[in-house]
1. What ranking of Trp507, Trp276 comes out by heavy-atom accessible area, probe 1.4 Å, highest first?
2. Apply the a/c threshold of 1.5 to the C-alpha gyration tensor of the range 77-234 and tell me whether it is rounded, prolate or oblate.
3. Using mean Cβ contacts within 10 Å as the protection proxy, how do 472-479, 397-404, 495-502 order, highest first?
4. How do Leu164, Leu544 stack up against each other in accessible area, from largest to smallest, with a 1.4 angstrom probe?
5. Please work out how much length the chain gains when fully extended from Ala62 to Glu462, using 0.36 nm per residue of separation minus the C-alpha to C-alpha distance, in nm with one decimal.
6. Averaging over all projection directions, find the projected area of the Cα convex hull of the range 183-255 and quote it in nm² with one decimal place.
7. Could you pull out every residue, at least 5 positions away or on a different chain, whose amide H is within less than 5 Å of the one on Val494? Hs are placed 1.01 Å off N in the peptide plane, and Pro or chain starts have none.
8. Could you put Tyr297, Tyr51 in order of accessible surface area, largest first, with the 1.4 Å probe and the full protein assembly present?
Amino acid sequence: MNAEGSTSPSPRRRPQRHLRRRRRLLRVIFLLLGISAILPIATYFFAADVYRWYMIQSLDSADEDRRNTAFTYFLRHAHNDPGLVDAAVRNLTQADRAQFDRLRELLEQAGFWNRRHVPRAAWRRWLDPLAESGDPQERLFAAIRFADLPEDADDPALHELGALLIEDPEQAVRFEMLLTAARMSRQAQQPLPWVVLVGQATADDEPYIARDAIILFALIDSPDTGRALSWRAVAFPVAKATLWAAATTAPDQPRPLLDALFDPESPPALRAAAAWCAGLSGHRDARDVLVGIIDDYAGFDSQNETPSAPGGDLHIAWAAARFVPMDLDDPDDPARRALWAMARRLHRQGLEQPLNLWPTLAAVHRLAPLLHEKAVVENDDDGQWAALLRQPLVQLAFLEGLAPASTDRPPPAGAQAYSALAAAAAMRQLDAEALRPGLRSSVAPYRDLASLLAARRLEPDEALQLSQELLASLNDHNKLSGAVLAGLADLRPVLRVEDREHDALQWRIETARARHQWPLRQIYEMALWMQGRQPQWPEGLGRLLDNEQVPRSTLYLGLLEADPQRALRYLFEPRRGRGSGAAYVDQVMSTPVFPLGTVDALAPTQRRQEPVTLLDLLVRYRWMRVLEHYLPDEAPRLTLWADRWVQQFELDVLRYWLWLEGFGGQADAGEGWGPTAPP
């Protein structure tokens, strides 16, 4: 109150109040100015994160338009945003059935519906209903994808679903469930339920499913396979597999094998299979029987060394000669005496007749170490053995019968590439000159083997010199061999061009690019990739292998050297077809089963040839001698000197052995291995 009794503020305090108001106003103005300046910057930096968060929340939205926008955003950004994939996968656990199916389709469309990204619970939520679906295709998917659940191998609920699928009316579903059950038997702590399913499939109405079930039943270490199954009154494929299982799981009981061998009602093909399996058993009784068959066919009594009347079937005698158990170091071994007598007697009769040629090939192949050790050819008074070994096939059988690094004998003069390589492999001190027929061959598998022998057996300096010489050649086949040798042995060859030294592989890549030689450039780049000097290429391996311009066996060699498990998966994947019904079984069981394209796309004369199957590649082109360097020591092998049906059976045994050991599986052709696409 002032002196006059008034309550109004004094004039002195009024300016201070206005000043405070101005200050507040200025603060508000500056704050707004700051916000207006910061907001665009914040929007620039955080709008994308806010929008991403909004899209994640919209993945399971009930609003269809909002959900479709989120799905489009996911497909566009998921491959560069792992967190986005994780968010979609987390939503699976809380989604209802309709939302779950939509999210699964989204993840599958984006390429993320696999066990690397999807947890076990979500995988089971998808598969379990499919196993009981009325759609055969859905049941087929369930049978295949149950193999992706090794952690559930002991789950009784999964056993029940497996038992349901192994009796499915669709052959394709039963076959896939057989493969899955066999794999699960190796992964379960209690494998018996899965072994029972495999055993149940051995009585399948489809002969080839029953046949493969018997193979798997024997491979999963079931000791009762040979005793529990009968070869009588079943289809030939099943009988053959049954005899094989008896020989491998019960070798001490050869009676079923001998019964089949001498059964008058058995066709010759089944008796030949019994002779093969009797030899596999290694039993003494089986040996004596097979020796008798050899003597009977050759018309000679090897025990008393007296002639007798010839007789017998060619295929049975061939199987007996090839697989009879023999102790090569025992001069009194009956099998050794029988094979020796047969080879000499049949040669006298003339090898122009197949009835004489094929058993003689078996004898020479089996006796090759003895023939070399005893210097039979050098001390051949009547020239009989020397004349015999001049026959091309007999010569190859002899050279491939020698143990690796066991002889000083050089390749025969003028020998074909396959014979020269067989002789080179048997040499104690490998000479680069012995490899040249293979290195310059127009057939890619021969070049592969020659390059591998050079990389494994030559001294590093010698291998480097050979690689440089081959890469400097004007011959394309020589250049390819030089590149593969450099990749296998991790060499750094150089080329001198215009008085300057260049990295040979890089130089060849640039030259091939300038000359538009795309197939050659793929092999040069593959050599760099094998050395770790080339990053993963953008083109998928599967797409490259489908291109007939590139020698495919060489691509497989490069992949075997860099990633053996993946290469074996590509080569031996047992699931070779897709579909349903009887046609599916025809696809996956028929032979040939794995088209590899022509032998060498670079050879114009071979571009019009029939595709080479995996069996052709391994046997006819001797690529098995390449593959065996990369197989596990305990893996089954193929017999190069045997009937084709034996080799096909052995190929299937190898395929299923690899499947059980974890080498089989869906090969992902999209993973980064492969060079640039052709122009």
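1. Trp507, Trp276
2. Verdict is prolate for the range 77-234.
3. On the way: 472-479: 16.4, 397-404: 20.8, 495-502: 10.5.
Order by mean packing, descending: 397-404, 472-479, 495-502.
4. Numbers: Leu164 85, Leu544 5 Å².
Most to least solvent-accessible, the answer reads Leu164, Leu544.
5. Residue separation times 0.36 nm, minus the Cα-Cα distance, leaves 136.9 nm.
6. On the way: hull surface 18.5 nm².
About 4.6 nm², averaged over all directions.
7. Ala504
8. Largest accessible area first, the list is Tyr51, Tyr297.
The values are calculated or read from the model by the stated rules, or taken from the named source; none is laboratory data. Remember, it's a predicted structure, so these values are computed and weren't measured experimentally. Every residue, glycine as well, gets a Cβ built from its backbone with ideal geometry; the counts of neighbours run over all protein chains shown. For the accessible areas, the whole protein counts, side chains as well, though only heavy atoms, and no ligand, DNA or RNA atoms are used. Shrake-Rupley method; radii C 1.70, N 1.55, O 1.52, S 1.80 Å.
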